[in-house]
Structure formats: structure tokens, C-alpha cells
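Q: Here's a structure for you.
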Amino acid sequence: MSEILEPYREAIRYAWLKETSLLLNELRPLATLPAEEAVHVQHLAEQLIRQLRDTKHQPGGIEAFMQEYGLNTQEGVTLMCLAEALLRIPDTKTRNRFIQSQVHKGDWEKHLGHSHSLFVNASTWGLVLSGQILDPLDSFAEKALPVMKRLVSRSGQPVIRGALFAAIKLLGEHFVMGNTIEQATKRAKQKGENIWRYSYDMLGEAALTAAAAEQYFERYRHAIACLATQSHDGPLHARASISIKLSALHPRLENCQHQRVMRQLLPPLTNLIQFAAENNIPVTIDAEEAQRLEIMLDVFAALHQQPDLKEWNGLGIAVQAYQKRALAVIDWLGALAEAHQKIIPIRLVKGAYWDTEIKLAQLLGLPDYPVFTHKAETDVCYLACARKLLAYPNHFYPMFATHNAQTLATILAMAPKDREIEFQHLHGMGETLYRILLTGQSRPIYCRTYAPVGSHDELLPYLVRRLLENGANTSFVNHMRSEDIPVEQLIADPLSQLRQSTHQPIPLPPELYGVTRQNSLGYDIQDPQTQRRMSEVVNTANRLVTQATPLVSGVATRGEKYSLWNPARLDDSIGSCLNANPSVIESVMQAAAAGHRHWHLTATDTRADCLLKLAELFEEQFYSFVTLLIKEAGKTYTDSISEVREAIDFCRYYAQQSQLLFTPSNLPGPVGERNELRHQGRGVFICISPWNFPLAIFVGQIAAALVTGNSVVAKPAEQTPLIATATVRLFHRAGIPVEVLHLLPGPGDTIGAQLVAHRLTAGVAFTGSVAVAHQIHQTLAARKEAIRPLIAETGGINAMVVDPTALIDQVVKDTIQSAFNSAGQRCSALRLLCVHESIANQTIAMISGAMAELVVGDPASLDTDIGPVIDATALNKLERHKIYLQSIGKICAQTPVDKTLNGHYFAPLLVEIDSPSSLREETFGPILHVVRYGDDELETILEQINQTGYGLTLGIHSRLQETVDDISQKMRVGNIYVNRNMVGAVVGVQPFGGIGLSGTGPKAGGPNYLRAFTFEQTLSTNTAAIGGDVSLLQNKI
């Protein structure tokens, strides 16, 4: 079976990031209609829209809301914010603050009475009242109707706020069919119309814990059992169905966890689908993010191989037309159907995660996007997919999900007149369109309502997707009733739209930073092809370098030898290192000083070109450096890929910045003078880098020093000299003269200390511990020669503050990433989580559950989330800190670890403590401390964090801008991250560095960093000395 399907899977992978123009060449013929049919389509689409705009067919529910409150208005955006958070904020005080922060943003009165929908007007009154009552009463009294004034005087603010809460609750109720499957089916029956079919979607997103997944399983089973009690007249596909999200049924639905997913998810999922088959309840596997497609198709294929499902044609899947792989996926599904002699139901949708897919591709640095970036492109792909589905009636039962009249009309033109056609629409949207279509139709056309079922606190992700999808400027739902939009524009053929498009294309990920700097090329480790290629390189015996040596003017020198071992597998010898002999320091410094004398005179363009060449070399040897990072530093694939990319970004960014910095600035002055401000390199810089980012920080320090005209003596961390040796050799290959860059591996207390104290040292760039930074500072300050700069970046007791408005699912994801990625061995890693007491229990429980799903193991394995800590010293320190925490706090959770692992492993640990003041120093590893705070305790918590003296990173999770602003102003930290994780600063995007005990600044990867490696020189020239000022004389006296 696999050999039959594999060519189709390869086609899917080939189409993943395929160039859009090439794909469109394949899609156009399938989406093109004969001229006569195209005219008929335009006529039918125009007829439908004109009838929609007829006052007899006024919209209801959410469709009316979309018309009144588009996301191109402040009110529309505010509504989304209110709906997104208000229904789940647990305490009244915070809820009232949130209302007050949002309702002032909209002019709600202008919307009152515009809509014919009682639902819209009722909700708008709630918004008007809330907005006005939170304004000064005098202003309100001047504008409000008398009846409203009486209501306000009688009820006061709590009741008015309650009106807003009721308005938003009403909004939520119009998005869902019912809180329970029983309520939803009852509501469907009350419609009393047999023209509608239903597919029930149990609201909920990706499970983060095993407990959440089990709850979703039970909800799906209960829903199937409930539908089984309904009458089942008619064929299979006429029956009510269930839509299932696989990510809700397993907390790690990822391709990197493939074996685990197939082992843990497939048996219970098979039982669930068999239960549906026994009761003849059709099931559709819902569409999800593009990264999950491969694992979803594997699960889907495995289900079709189950013997008990062999004769059942009720298991279907959703296909997203905005994905470039859509047509290839349909081909694969056709091959699957052919192989099993089955009919597969296919729900064809346009897609609902577009903005997420665009951002992820940019973050990953992919060569292209996995989705189309223009609505017309998606529409063309949709029509091409529709034609293919209609062409194979023995393979597919197509279900076309659309609210677009032109798309609908085109599908009717493509389909044979006697072919049964099923359309689908979202509950609350598009119903009027289909009522008009179905009226008087003789063709076998049916419409199925996609009906969400669940409580309001589960509504958020679905609600936001629907608002974004249907409230956007390009949405047909948002335009179809607007008299300002010509009908001809709405019914335009998407092929003609492409030809006439003035659409400004979204820059491809490599072009994210414009023409002046190329984004580093990245890899998606969830992609099977990337997994295969990288694992082959990592697990081969060939290594980029196996012996680290001192490099003095490019020549390897002898020294004391010690062995290097893989921190993940202590029986794996990865090479050796020759430590530099202290006796070579004087000759190295003399050579570096001589090198500086000609290097600083080298043209800026030449120095910058060396860095650009180095970036190219890193990209050529990308996989080799990933291997070194995994083997020597114990980093996972994801962390290793990110680090190589960061090194490349440093090269390109500093090359770009050097051009700006070394262009002389002309300063204003009197007639007859020319005044310039210029920069020059200082001399010999000592670059001392850490083991936790042995490539990126090592490259960043050296590249900044070199491109500004300094020479460099680099002292890498003792734990990671192989990476340093390979990197310095690559610098030399890129054109950096060997006498300008030298490498001296060795202990910090000998080699490092002597380099810092040397008379020829012009400056020091250091990343490491606070204690060593203080020693370096004292050494430099004690010298009687010239004052030398220290550029230091250390660590921090980094906190995240979570208030009651925060979305807990997002907090959990960001916490896991921030605290435990890289085994917590990041300067920026989250150490202290401060959670409001109203949501603390739920948050701690979810984090504990998510921690149980993490895989601690050898980072050379694709399924590993958390690798080892760097060495035995680090491990012992963490163990001692755990003992201390047991005496002062409460252990909430610790990730399980395979006892047979032979490495420096410390499992992620969650500990609740009473106060931030219990933390005496930074603990470098995967330990997260959590503190609860009450309504009146936030100020105290913030002050205690400031009193630690550290100031590197801070996370804030809040939907209250007032809270974000207040915390940001009070906290003395270098980097603040709001409603996201707090690690992974991107070069040139989030310049990185702190204050206080966390560093000196300026920020690495920022516009001011290079200045610290230079001195300023003013050149003032008397231009009148040769006989007068020419520019002045040219102005006739």
C-alpha cells in the first residue's frame, strides 16, 4: 500500500513551498470555464447578490454583525478584543477594568439602528451604554435619550457593565449552535426545515495535556451517541455528522512525535471512528495548521486500513485550498480511495489559519510560503480542486464550504446537472445566500451547517478565526450586502482578478528585511524531507572537526590535551582539545596588534564583504554546524537550527550596520569649515564567549569587533571548543586575515584572565556569569593605562507576570517554551512565573500536565524536546537548588526521565514558592519557580523582582494595555515580551541585552552595538584657508 501512495506523498512535499507562479500554471486550466458557462456563472452570481441586497432578505446573527462591524473599523477590532477575553475573565474587578479599557475605543452610537437585526441592535445598545456610563455623566446626559438617562440613574455602573457583558454573551451565543450536543440538535430540530444538514463541531483547540485530550475523546463519543438516537432516514451522507480535530485528541500532534502519536492516538481514535461507523454517523477530520498535515494524512490512511472500517464510506477529511499542497493532497486521497475501493467525503474549505501560516514561515526563514498570499490565488486553487473532486464520483463525496456567490455559481456550472451537490456554511453566516439558492431549485442541491457546540470559554479560538476570516476587507461576507461595493467587483472571475491585480505581494521570508539585508535561510524540522536529510548528517561519523586547537595567525599550536564527550551520551567521545599555553599570549597579542594596524585601514566595504561571505559559508555548511551543536553543546535540532541562523543574521546585520556607522557624518558649522564625525576601531579586542550559545554569541562578538576595524583574540568556553575552532577557520576562509583573528582555547582563570589584563587589550566583549563579569570589570578598572571598555551580557532572574485577562492556553505554551527550551540554559529563560491567584490553580495544573508530555533525551533524536545540561558541574548545582527548594517551597511537577539515559540530564521542574525574594541568584537550568499574587500585591511583586538587581527579560501576559504600560514603565529590564514567549530574540528585530547585574549594553543585534567597539573622531577642516569659501562665493554678493 505504501509503495502505491508514496509517489503521491512526494508530490505533496514537492508542492509544499512551490513557487506560486508555477503552481498557478497547473491550476488555471482546471479553474477555467468555457466562455458560455462563464457567462452563466456571472449571471447566477449577480442574481444571488442582488437578491441578497433586497430588503426582503435581511441578514441575521453573525452575518449582520460582520456587515456592521468590519475589522477595518475600530469598533470591529474592539469587538474582537472584547469577545476574545471578556467571557473568560474570572473576577469582576478585572472584567470591569477590561471593559473600561476597550469600550472607549469605538464610536458605538453611529452603529445603533443601522442594522435590521434585533440581535445587532441589542448588542450595540449594551456597548453604547457601557461606553457612555464610563464617560463623565455630563457628557453622557447631553447625548443620551431620556429613557437611557433614567436607566443609568436607576441602575448605575454595575448594571450597565452587565449590559455589555450580556451583549458580548449574545455575540457568543450566535456563534455556537448550543452549549451541549443536546441543545444543538434540539435547536436544529426547531428550525423544522429538511433542506439543512448539520455537521457538529465540538469547540476546542489543540489539547496541551493528556487529561484535556481524554476529555475531548469523551465529548466526541457522547456527541456520536447523542446523534445515534436521532432518526436516520435517507442515505449516509444526508445524516448529521461530527467534525473532529486530531490535535484535540493528542497533546503532541507533531511529525517529530510521529511514532508516539501513531502508538498512542491511533487505537482510541480507531475505537471512536468504529463507534461512529456502527451508528452510521459520518465523521470529518477537520483541517488544521500546515505543519500538522503530514501526520494527519498518516493517521487518516491508517484509519482506512482498519478492517472494521473497510466497507464504511463515512470517514472524510477537510482540505484547505489556500495551501499550495491542496491539489496534490486530493490526488493522494484519490489514490487512497482507489486502493481501498472506497468513497471518501472531502470538505473543501479555503482555510482559516492564513495569518498564522504567514508569520510562521517568516519566523522559520522558509524559502517560500506554504499558502497562497492573494485571495484570488486561493479562489483559483479552490475551483481547480473542486473540478478534480467532481471528476471522480467513485472516489469522492465532495462538500463545498463557501459563502462566496461566485464560487458557488462556478461549482454548479462545473457539476453535472444530475449530480448531488452539497454545500456547507458556517452557523450564523451565509444562510440567506443558500436559502435564495435552494428556492425553486430542481437540481439535487443540499446545504450543511457547520455547527459549533460548546461553552463560551471554549469559543475564543473559533470566534477569532471566524471574525478574522469573515470580517476582513477581502471577505465576501463583509462585502456582499454593501451598496458601496459594485456587484461586478464581487462576481469577478478570480482568474481575471489575477490578471488585473495591483496586489502588493507579501515579501518572501528571505526578503523579510528588505533589499539591504537578506533573512537567514531556515528549515522546518516538522518537514519529513528536512528530518530525513538532517538525521542522516547528524548520525554519520563524519564531523566538521574533531580536535580543537589554538590558532595563532592561522597556525595550529600545541597545548595540553583533554577529551571532549557528548553531554547527552557520556560514552560518546566527540574529540579533544589542545588548550593554549599561557606562554603564547604575548606573541599572540603582538601579532593581533600588528594585524589591527593594517586592518583598520581596510575599506569598510571589504570588511563587510568578509562577513557576507561568512554568512554564505555558514549556509553551505548548515547541517555540519547543526551536528556540532547537537553533539558538543547538547542542543536539540530546533535549537541548533535557530542558532546557526542567528550566527548568519549577525554577520549580515553587522555588515549592513557597518556601512551606516562608517559613513562620515557631516555636522553643521560656520562658513569656511567642514566638520565630520567618524568612527575607528579601537585595537585588539578580547572576545570571551559562553557555552550556551557557542556559535551565535561567539560569531556575534567577533563579527562586530572585526567589521569595525579591530583585531580579535577569541577565548571560547572550555565546554565547546570544537565549534569555536570550526568557526574561526570559516572566518579565515571568508577573507579575514589570519593575523587579525586568533583563537586561544583554555581555562578562564588563566588564559582568559591574562588576556583581559594584557597591556595591548583595547576592549573586552564578554558573555557569561555575573561573577566573572565583575572580575573582568575590576581588572580593567585597576589598570593604570588607558581606560578600556567592557561590553558584558550576563543572566537574569527573568519573570513573567500573568494577570486574569490572560489566555491560559497561550500562557502555558509560552511558559513551556520560555522556561524549558534549551534545557533552560538561556540567559533570557523564564525563571519566575507570577500568576494572579484567580487563575493560578488552573495555570499550574495545565503547566504540570504539559510538562508530562515533554520528552527528555538525546537531542540527536528528532522526538527530543529537552536535552542535557552542559556538564556535571551544572547538573550538581541544579540538584543542590532542588534540595533548597524542597525546604522552602512545594514541588508541583517534574517531567519524567528515562533512567537508562547516560548523560547530564535534569528533568524540567516546577516549584511554587512564596516570594521572589526567596531566589538568591540565577539558577541556570530547567527550573521554573511560580508565585501567586492577589489584587493588591502586584506592586510588591514587581518591586521584589527589581530588587534582585537583574534586568534582562520580562514577560507580560495581559489583555489590558493599561497593565502592560504600567508594568513596562516600572520594570528595569532590557527586553519585554507581551503575550508571547520571552526567548529567541531575533537579530535586528529584538536587540538583546539588559541592565544592572544583567549587563552593560549596548544591545547585541541592535543599531547601537557596533559603536561600542569604536572610538569617535571629529575632523574639522578650515576650507577657507585656500582662499575663501567657494560655496559662499557662488552665492553672488
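Values quoted throughout were computed directly from the atomic coordinates according to the rules given, and no laboratory measurement underlies them. Note that this is a predicted model, so its numbers are computed, not measured. No Cβ is skipped: glycine too gets one built from the backbone with ideal geometry, and neighbour counts run over all protein chains shown.
Q: Could you tell me, in Å, what Rg and Dmax come out for the Cα atoms of the stretch 798-1006?
A: Considering the stretch 798-1006 through its Cα atoms, Rg and Dmax are 16.4, 50 Å.
Q: When the Debye formula is applied to the Cα atoms of the stretch 376-430, each taken as the same point scatterer, what base-10 log of I(q)/I(0) results at q = 0.18, 0.24 Å⁻¹?
A: Calculated log10 I(q)/I(0) at the listed q: -0.59, -1.01.
Q: In debye, nearest 20, what is the charge dipole magnitude of the stretch 798-1006 about its Cα centre with +1 on Lys and Arg Cβ and -1 on Asp and Glu Cβ, if you could check?
A: Dipole about the Cα centre, nearest 20: 560 debye.
Q: Quick one: what are the phi-derived ³J(HN,Hα) couplings along the stretch 897-903, Karplus 6.51/-1.76/1.60 with θ = phi - 60°, whole Hz, x for glycine and proline?
A: For the stretch 897-903, the Karplus-derived couplings read 10, 5, 5, 7, 5, 10, x Hz, x marking Gly and Pro.
Q: Still on this structure, I have one more. So which of K324/K813; K613/K715; K342/K375 end up more than 26 Å apart by C-alpha?
A: From the list (K324/K813; K613/K715; K342/K375), the Cα-Cα distance tops 26 Å for K324/K813; K342/K375.
Q: Let me spell out the model: positive unit charges on the Cβ of Lys and Arg, negative unit charges on the Cβ of Asp and Glu, origin at the Cα centre of the stretch 941-1002. What dipole size does that give, in debye rounded to 20?
A: Dipole size: approximately 160 debye.
Q: Over 26 Å between Cα atoms, which of K245/K359; K388/K417; K93/K882; K186/K350; K635/K1003 qualify?
A: Exceeds cut-off: K93/K882; K186/K350.
Q: Could you compute the FRET efficiency for R980 and D572, with r as their C-beta to C-beta distance and R0 at 41 Å, rounded to 0.05?
A: Calculated value: 0.70.
Q: While we're here: Ranked highest first by average number of other Cβ atoms within 10 Å, how do 789-796, 893-900 line up?
A: Ranking, from highest mean packing down: 789-796, 893-900.
Q: Quick one: Cα convex hull volume of the stretch 559-658, Å³ per residue?
A: 116
Q: Check L830: other-chain or 5+ apart residues with amide H under 5 Å from its amide H, H built from backbone geometry?
A: The answer is A819.
Q: Here's another thing I want to ask about it. What residue among A31, I12, A45 has its Cα farthest toward the positive end of the dipole of the stretch 1-47, where the charges are +1 on Lys, Arg and -1 on Asp, Glu, each on the Cβ?
A: Projecting each Cα onto the dipole axis, the largest value belongs to I12.
Q: Add +1 for every Lys or Arg and -1 for every Asp or Glu among the other residues with Cβ under 13 Å from the Cβ of D572, and state the total.
A: So the surrounding residues net to 0.
Q: List the residues, sorted by chain then number, that are 5 or more residues from F423 or on another chain and whose placed amide H is less than 5 Å from its amide H.
A: For F423, the qualifying residues are F400, Y446, C447, R448.
Q: Would you kindly work out the equivalent ellipsoid of the stretch 1-40 from its C-alpha gyration tensor and give its semi-axes, the square roots of five times the eigenvalues, largest first in whole Å?
A: The equivalent ellipsoid of the stretch 1-40 has semi-axes of 30, 15, 5 Å.
Q: Relative to a virtual label point 7 Å from the Cα of I358 in the Cα→beta-carbon direction, which members of the stretch 505-527 show backbone nitrogen distances below 14 Å?
A: 505-509, 512
Q: Can you work out the FRET efficiency for the pair N666 and A603, with r the C-beta to C-beta distance and R0 = 25 Å, to the nearest 0.05?
A: Efficiency for this residue pair is about 0.80.
Q: Among L910, P926, C892, whose Cα sits farthest toward the positive end of the charge dipole of the stretch 798-1006 (+1 at Cβ of Lys/Arg, -1 at Cβ of Asp/Glu, about the Cα centre)?
A: Going by the Cα projections, it comes out as P926.
Q: Spin-label point model (7 Å from Cα, Cβ direction): what's the Q274 to E785 distance in nm?
A: That separation, rounded to one decimal, is 8.0 nm.
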